[in-house]
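The values are calculated or read from the model by the stated rules, or taken from the named source; none is laboratory data. Keep in mind it's a predicted model, so treat the numbers as computed, not measured. Reconstructed Cβ throughout: ideal geometry from the backbone, glycine too, with neighbour counts over all protein chains shown. Heavy atoms of the whole protein, side chains included, go into the accessibility calculation; ligands, DNA and RNA do not. Shrake-Rupley method; radii C 1.70, N 1.55, O 1.52, S 1.80 Å.
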Amino acid sequence: MKLFYSTLVLWISILIFSSELLTQNLKQVRTAPKPSDILKNDRTKAIVIPEFGLKLHLFADRNSDVLRKLNFGERVRFDENSLEAPNPDWIPVILQDGLSGFVLRKYLIFVPKNKFLQTLVFESEKKLNSKSFDYKQKMDITDVLFSSSATGEFTGDDFIYLRAKAGFALKKTLEQINELSLKPDDNEELLGFLKRHQTKLLFDYGSGKYYMDSNYFWKLIESYPKTKYSDYAGYLAIESLPIFECKSDLKCRLEELRKGKMRYIYLFPTGNYVKIYLKDILNALSSITKDQDSIACYPPVPDSIRSEINIMFRYIGEYGSNERKAILPHLNILKSECLK
């Protein structure tokens, strides 16, 4: 009797397992994409490569030859001329240089073609803000964004957006290079990277560190004023300004204000960062003017100080009424002490 029940339990277990396996297989069959659906998706979507060193295979097989490794964000497109049948695991792609092969789908992001730029930037920023990626990978991201902006594919607001984000990538990459105290002669990759972007960089000989030149962003704004992302470029310009060690140097303190946050409000009187920067400006001017007798405007007053104050008056003439009223009393004090 015991043997009978044991055999019965065994057969019931087998039947249950077989039933579950059959159900899973049926679900897989029902959910497997049709070849026509795969082909339609591949023809209409843009491909974003969010990985580093993704393998391009000769055939749709992991064991086939690797033609080369793809770069993060590298532009590839669906190979319409591939003779292979649509495959749910692999996609035939063709590169910018004409080389074609196969890539595993699970490592790619497929988006509507008008969402390619937004997705590329989103994936870039995730990695730039993460400590999980090294400076070499961040150099790759920076190069990809700058090279993408130079193709002519993106124009108008998209171009400004991409150039600003490329500048942001360079800034973040330099920060990590500085944190690691790396020097140009440490390796050829770093030296080549710094040479490629040397017109956008500043070098502090005292600390031996590289910095993003804020003029890169100001020039971008001047070339494309009042566009959708020029305000964001202005913010990046402020964030990229070098740290001034002014102490009691009046000319230095005025120049710091004028070149940075006062310039931002002058260019963007209704910008997103006006309230924040106005508070900083008022704090700085209050510190300078709280004791009129201590304002370092001793005759003969240098032309450089006169120039800074005159430019500030010109700037606030373009400010909103609230900002102008808040700053004007401080400038009038400077005028009375320095422009007699």
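Would you confirm, using the coordinates I've provided, whether residue 225 is assigned to a loop (DSSP other than H, G, I, E, B), in contact (Cβ under 8 Å) with a residue 24 or more places away in the chain and under 22 Å from the mean Cα position of the chain (by Cα)? Don't jump to the end; show me each part of the working.
On the way: assigned to a loop (DSSP other than H, G, I, E, B): yes; in contact (Cβ under 8 Å) with a residue 24 or more places away in the chain: yes; under 22 Å from the mean Cα position of the chain (by Cα): yes.
Yes; evaluated as a whole, the condition is true for this residue.
With the requirement that a residue be part of a strand (DSSP E or B), closer than 15 Å to residue 106 by Cα and open to solvent by less than 70 Å² (accessible area, probe 1.4 Å), what does the stretch 55-69 give you? Working first, answer last.
Going through the stretch 55-69, the residues part of a strand (DSSP E or B) turn out to be 55-57, 66-69.
When the remaining residues are screened for being closer than 15 Å to residue 106 by Cα, the result is 55-57.
Matches in the stretch 55-69: 56, 57.
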Notebook entry, point to check: For the stretch 256-286, which residues satisfy the criterion of being open to solvent by 50 Å² or more (accessible area, probe 1.4 Å) and either over 25 Å from residue 222 (Cβ atoms) or polar (S, T, N, Q) (or both)?
Noted result: 270, 272, 279, 283
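What do you reckon, is residue 195 touching a residue at least 24 places away in the same chain (Cβ under 8 Å) and either of a type in the set (Lys, Arg) or over 23 Å from residue 172 (Cβ atoms) (or both)? It would help to see each step written out before you state the result.
Working: touching a residue at least 24 places away in the same chain (Cβ under 8 Å): no; either of a type in the set (Lys, Arg) or over 23 Å from residue 172 (Cβ atoms) (or both): yes.
When the stated conditions are applied, residue 195 does not pass them.
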Notebook entry, point to check: Just checking, how many residues over the stretch 70-86 are under 24 Å from residue 35 (Cα atoms), in contact (Cβ under 8 Å) with a residue 40 or more places away in the chain and either touching an Asp or Glu at 6+ places or on another chain (Cβ under 8 Å) or buried (at least 16 other Cβ atoms within 10 Å of the Cβ) (or both)?
Noted result: 1
Item checked: Residue under evaluation residue 180, criteria (1) farther than 24 Å from residue 130 by Cα; (2) in contact with a helix residue (DSSP H, G or I) (Cβ under 9 Å, 6 or more places away or on another chain); (3) open to solvent by 40 Å² or more (accessible area, probe 1.4 Å); (4) in contact (Cβ under 8 Å) with a residue 12 or more places away in the chain, criterion not met -> (1)
Next item on the list: For residue 216, state whether it is open to solvent by 40 Å² or more (accessible area, probe 1.4 Å), touching a helix residue (DSSP H, G or I) at 6+ places or on another chain (Cβ under 7 Å), hydroxyl-bearing (Ser, Thr, Tyr) and modelled with pLDDT of 95 or more.
Entry: no
Next item on the list: Looking for whichever is under 12 Å from the mean Cα position of the chain (by Cα) and in a helix (DSSP H, G or I) here; the options are 116, 159, 122. Which one fits?
Entry: 122
Margin query: Take residue 325 and tell me if it is over 16 Å from residue 339 (Cβ atoms) and over 26 Å from the mean Cα position of the chain (by Cα).
Written below: yes
Note to self: When you scan the stretch 199-209, do you find a residue that is assigned to a helix (DSSP H, G or I), without any contact (Cβ under 8 Å) to a residue 60 or more places away in the chain and either surrounded by fewer than 17 Cβ atoms within 10 Å (Cβ to Cβ) or touching a helix residue (DSSP H, G or I) at 6+ places or on another chain (Cβ under 6 Å) (or both), even just one?
What the structure shows: yes
Note to self: Go through (1) under 27 Å from residue 211 (Cβ atoms); (2) touching a residue at least 40 places away in the same chain (Cβ under 8 Å); (3) assigned to a loop (DSSP other than H, G, I, E, B); (4) not aromatic (Phe, Trp, Tyr) for residue 243 and report which single condition fails.
What the structure shows: (2)
Check: Using beta carbons and a limit of 8 Å, which pairs, at least six apart or on different chains, have the first residue in the stretch 106-125 and under 16 Å from residue 51 (Cβ atoms) and the second one open to solvent by 20 Å² or more (accessible area, probe 1.4 Å) and outside any helix (DSSP H, G or I)?
Finding: 106/89; 107/51; 110/45; 111/45; 119/109; 123/109
Item checked: Residue check, residue 142 without any contact (Cβ under 8 Å) to a residue 60 or more places away in the chain, in contact with a Leu (Cβ under 7 Å, 6 or more places away or on another chain) and either within 23 Å of residue 190 (Cα to Cα) or not β-branched (Val, Ile, Thr) (or both) -> yes
Note to self: Which residue is most open to solvent (accessible area, probe 1.4 Å), if the candidates are limited to the stretch 234-253 and must be aliphatic (A, V, I, L, M) and closer than 18 Å to residue 175 by Cα?
What the structure shows: 243
